[in-house]
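A short reminder: the numbers here are calculations on the coordinates, not readings from a lab. These figures come from a predicted structure and were not determined experimentally. Heads up, the Cβs are rebuilt from the backbone with ideal geometry, glycines too, and the neighbour counts pull from every protein chain shown.
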Amino acid sequence: MANWSDPRTAATASPATGVGTEVAFDAGLRKHMLSVYNYMASGVLLTGIVAYAAAMMGIPQALFTGGNILGYLVIFAPLIMVFFLMARVGKMSTGGMQAFFWSFATVMGLSMSVIPLVYDGASIATAFVATSAAFVSLSLWGYTTKKDLSGFGTFLIMGLVGLIIASIGSMLIPGENPAVTLAINAIGVLIFAGLTAYDTQKIKSIYFQIAGSDMLGKAAILGALTLYLDFINMFQFLLSLIGNRD
């Protein structure tokens, strides 16, 4: 990615061959990106449905009150699942990856089911619409820009590590510091907004590396999971930043 090069520009041996190769790459890339976005959007929809249904059924009250160990398992399950995927992705089939993705979206929905109980509906809707608009704009820019975002991505990932450390530190300090919470939420929105553009370009770059291979199916699901996490995290940080608590 550091030596970003669009393979479509390399097919210049003859005008006919060059044009044909570019058209083929464009058609294949569009199909691949459409698959990525379909998975991602379906995952977000499933998470929202599960979160709302669980909230209406009173599951958050049962899971997240009274020190219920199941509640902690649900909260940390998405993180555990990501580590599991990182360890097993090379051995998983495309079907296994699909099952993992839908399971992950479902578990994430359970972990987010407390949101409707904490924030009012207007705040949730506003944060979702704003996140959707930002995601579409940033992902489109990441897809179309010719600027290499790899250095930008390295900076964002370092910022994400710092954000995680700061978040853990704020939880360990007794009492709530509104200024620190505000800063963490604002920085979180900016980091995941930037990662949306970076990850979109990275998905595009990976496609050019594996186009025509049997790895495209798994790559589409992995790309969708990456963008899904960007969207979900940006939404949660934005909701914490602008949301009105019930």
What is the gain in length, in nm to one decimal, between residue 34 and residue 129 on full extension, counting 0.36 nm per residue of separation less the C-alpha to C-alpha distance? 32.1 nm
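For the chain, which longest stretch is free of loop sites, where a loop site is one of the trypsin sites (Lys or Arg not before Pro) that DSSP puts outside H, G, I, E and B and that has at most 16 other Cβ atoms within 10 Å?
On the way: sites that count: 146, 147.
Counting only loop sites that pass the neighbour cut-off, the longest clear stretch is 1-145.
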With axes computed from alpha carbons, what is the tilt in degrees of helix 69-88 against the longest principal axis of the chain, rounded to the nearest 10 within 0 to 90? 20
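Take every Cα pair under 8 Å in the chain that's 6+ residues apart, average their separations, divide by the length, and report that relative contact order as a whole percent.
31
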Taking 109-116, 235-242, 58-65, 192-199 and ranking on average Cβ neighbours within 10 Å, highest first, one gets 192-199, 109-116, 235-242, 58-65
Given the options 225, 109, 51, identify the residue whose Cα lies farthest towards the positive end of the charge dipole of the chain (+1 on Cβ of Lys, Arg; -1 on Cβ of Asp, Glu). 225
Cα-centre dipole for the chain with unit charges at Cβ (Lys and Arg positive, Asp and Glu negative), debye to 20: 420
Between residue 84 and residue 186, Cβ-based FRET efficiency (R0 22 Å, step 0.05) works out to 0.10
Against the longest principal axis of the chain, how steep is helix 94-111, in degrees 0 to 90 to the nearest 10, with axes from Cα atoms? 30
So how do 160-166, 72-78 stack up, highest first, on mean other-Cβ count within 10 Å? 72-78, 160-166
So between residue 45 and residue 244, what do we pick up on full extension, going 0.36 nm a residue minus the alpha carbon distance? 69.4 nm
Distance in nm between residue 72 and residue 164 label points, each 7 Å along Cα→Cβ, equals 2.0
Surpassing 18 Å at the alpha-carbon level, of the pairs 146/204; 31/91; 147/218; 147/202; 146/202; 91/204, are 31/91; 147/218; 91/204
